[in-house]
Amino acid sequence: MLPTLDAAELPADAIEVGRIVDAWGIKGWFKVLPHSAEPEALFTSKRWFLQPPGNGRQVFRLPIREAREHTDCIVAHSDEVPDRNAAEALRGARIFVPRSLFPTPGDDEYYWVDLVGLSVVNREGVALGTVRELLATGPQTTLVLEVPPTAEGDKPGERLIPFVSAIVDKVDLAGRLIVADWQPDY
């Protein structure tokens, strides 16, 4: 059974940043699997919005007392989650944080959510595709592009481009464009 939480509406700028995967300990702490390798939004926001599995579109506000790194995940605690049973009831809940509460990225730093949907072209202006998602592949992040079909009846393709300064020349968030030193036949 879910702990008693205040019902809420997702803010217009809400971004899914992770998922609760399990209880941690006996005092109501829970494990969170973040969607980012650098989950600063989970640490800086003191108010999360949860969408539990099987509850349709219902959303709850969860005030967070503490969130910290722990091995391969994040562990968090809320005064609203008093014990292990309450924490276990949150298993599978999706976590959303308002984009407005994200820390400001530094120069040449970008949130993945801001890159999804951007068009990618090479230095010659040849369209390479649209960013569908990003993958953390150890030491670097990789852009996963959806490439339109080349002939009628073909399925869309996929192109992988390392998101590193040696290859990515420019990211123009306002213009919704990434310029990369990459060729269509790579």
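Could you pull out the GluC sites (Glu not before Pro) across the stretch 99-182 that fall in loop regions by DSSP (anything but H, G, I, E, B) with no more than 13 other Cβ atoms inside 10 Å?
Working: sites: E109, E124, E133, E146, E152, E158; in loops: E109, E124, E152.
Hits after loop and neighbour filter: E109, E124, E152.
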*asked:* Using alpha carbons only, how many angstrom separate the centre of the stretch 1-74 from the centre of the stretch 160-178?
replied: 30 Å
*In whole Hz, what ³J(HN,Hα) sequence does the stretch 99-109 give by Karplus (6.51, -1.76, 1.60; θ = phi - 60°), x for Gly and Pro?*
4, 5, 8, 5, x, 5, x, x, 4, 6, 10
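Can you put T71, T44 in order of Cβ neighbours within 10 angstrom, beginning with the fewest? Walk me through the numbers on the way to the answer.
Working: T71 7, T44 12.
If I rank by nearby Cβ atoms, fewest first, I get T71, T44.
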*Assuming R0 = 35 Å, can you tell me the calculated FRET efficiency for the pair E40 and T4, based on Cβ-Cβ distance, to the nearest 0.05?*
0.75
*asked:* Quick one: 3J(HN,Hα) in Hz for the stretch 8-17, Karplus 6.51/-1.76/1.60 with θ = phi - 60°, rounded, Gly and Pro as x.
replied: 8, 10, 5, x, 4, 9, 5, 10, 6, 10
*Anyone know which of I161, I26, I64 comes out most mobile in the 10 Å Cα GNM of the chain?*
I26
_Sites E69 and K155, calculated FRET efficiency, Cβ-Cβ separation with R0 35 Å, nearest 0.05_ = 0.30
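Read-outs: derived from the displayed coordinates by stated rules, not from any lab. As the structure is a computational prediction, the values presented were derived from the model and not from experiment. Using ideal geometry, Cβ is built from the backbone for each residue, glycine included, and neighbour counts are taken over all protein chains shown.
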